Each structure stands twice: as C-alpha cells, then as structure tokens.
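Every number here is computed from the coordinates shown, using simple stated rules; none is lab data. Here the structure is a predicted model, which is why all the values come from computation and not from measurement. Cβ sites come from the backbone with ideal geometry, for glycine too, and all protein chains shown count toward neighbours.
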Amino acid sequence: IRTLTEQSPEIRGALTEIRYSKGAHISDSAWSRLYLSGIVTSNRSEVRIKNPVVEKALSTQWLEEVERAKTGLLKMADDRRALGRLEQAKTLYQEYLLTGNPSEDKRAHAIDGLFCCEIEAGKFAEAIGWLERARWDRSRYPALYFTQRRKEGICHFSLEQYRESIQCFEECLESSTEDRQRVQDLLNLASALFRADAKQYCDRVIELYE
C-alpha cells in the first residue's frame, strides 16, 4: 500500500484530503482507487481508512515526507494555499526560502505565495512587507508583475494608504491592453483618487468614469 501511495499523486492527495476534511471533496476516481487498493471502507458517504494498521502505515508524517521527496516544498506550499490551508502554506514557503539556494525566479514565486497568503488572511500590512524582499521582474514576467501590483494596490487601499494605491493603479492602467482588465484598472484608480482627495481629484475621477 505504501508503494502504491508513493507512486500515485492522486492517492496521496486523496489521503491528505481525508485527514483534513474527512474525504468530503475527493473525486469518485480517487475514492475508487483507494477502495480497490484496500485503503478505505466501502462507505462512499463517509470516507474512512480501513483499519488501524493501514492508518498507521499511511500516517500524516509519512505522507508529508513522501510529498516532500516527490513534489518538493514549493509545489506543496502552492497546493496547500489552493486548498485554503494558509498557515501550512506559509510555513512551507518560508522553509523553502531557508533551504538551499533558490533561483531568483523561484524566490520571487515563494515570496509571491507568502504575499498572497497574507492577503487571503486579511493581513494587508504583512502582505506588503513581503514585497520588500522580492517581486516579479516586470520585463521578464509582465503578467505576473502587474497581477502582483494590482493586489499591492488593493492592500494599500484597504489600509487607507490611498497615495500608494494610486501609484500602483496608475502603473497598471498604463499597461492595460485587455478591455475588461482596463475597465477594472480605471475603477480601481478612480476609487483611490476619490478616497485620497475627492475635491483635488474631482475632474480626474469624472474623466476616468467617462
């Protein structure tokens, strides 16, 4: 069973899901593989590991060790963030940054992951703090850079740092080419200008809305 689990990312993911959410979200194909492999009981509505021996063999600690070896810390962190397990994701991102010597791109990836975790947790000041350590390179990764810049603008806006949010949204607007994104950038900038000083920026806000 351990060999099968080591060889299958689908089974490892499903087992992790069982540990954290009782298997409520695993797919039918994953459940079928678990059942046919003798890992879980036949009750599809309440997915449980079959017996204490199997449960001990597939412990959380062992699964994490396998995942680290097979997947790597950065991918593990991304997966945890996608599942909303923000504290676990943050721990893994930080561990990744402290181990080895990540490339500039991988470092930017991990920092962006931490930045996004803090935003999703509503910790906007902490999110901005991570960007002091690394950002996506604008010339090499423009899409990632501007996505990050927009989120940074929203952080500043949420903290009532309207002047800083204006700088972010102005830069994004200048680069917008896709119509839907450009409209959103216009609205973001107009909102920041209005909050910063409605009287001073009145004409500009009207111009943006037009």
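Pop the C-beta distance of E87 and R107 into the FRET formula with R0 = 30 Å and round what comes out to the nearest 0.05. Given R0 = 30 Å and the Cβ-Cβ separation, E is 0.90.
Averaging the sequence gap over all C-alpha pairs within less than 8 Å and six or more residues apart, then dividing by the number of residues, gives the stretch 43-130 a relative contact order of 19 percent.
So for the chain, averaging the separation of alpha carbon pairs under 8 Å that are six or more residues apart and normalising by length, what relative contact order in percent results? Computed value for the chain: 9 percent relative contact order. A simple spin-label model places pseudo-atoms 7 Å from Cα toward Cβ; at I1 and L187 they are separated by 5.1 nm. Once the chain from L98 to K56 is taken as fully extended at 0.36 nm per residue, the excess over their C-alpha distance is 12.1 nm. Our estimate of slack between R19 and E207, defined as 0.36 nm per intervening residue step minus the Cα-Cα distance, is 62.3 nm. Close amide-amide hydrogen proximity is noted between H25 and no other residue 5 or more places distant or on a separate chain, at a cut-off under 5 Å (H modeled in the peptide plane; Pro and chain starts excluded).
Pairs from the list K50/K90; K75/K123; K56/K90; K50/K70; K50/K106; K90/K199 with a Cα-Cα gap above 30 Å: K50/K90; K50/K106; K90/K199.
Using the alpha-carbon centroid of each, what span in Å lies between the stretch 102-142 and the stretch 173-210? Value for the Cα centre distance between the two parts: 25 Å. Near V40, the amide H atoms lying under 5 Å from its own belong to Y35, K50; only residues 5 or more places off or on other chains count, and H is placed 1.01 Å from N. For the stretch 126-141, backbone phi angles converted through the Karplus equation (6.51, -1.76, 1.60; θ = phi - 60°) give residue-by-residue couplings of 5, 4, 4, x, 5, 5, 6, 9, 5, 9, 5, 6, 5, 6, 8, 10 Hz, Gly and Pro being listed as x.
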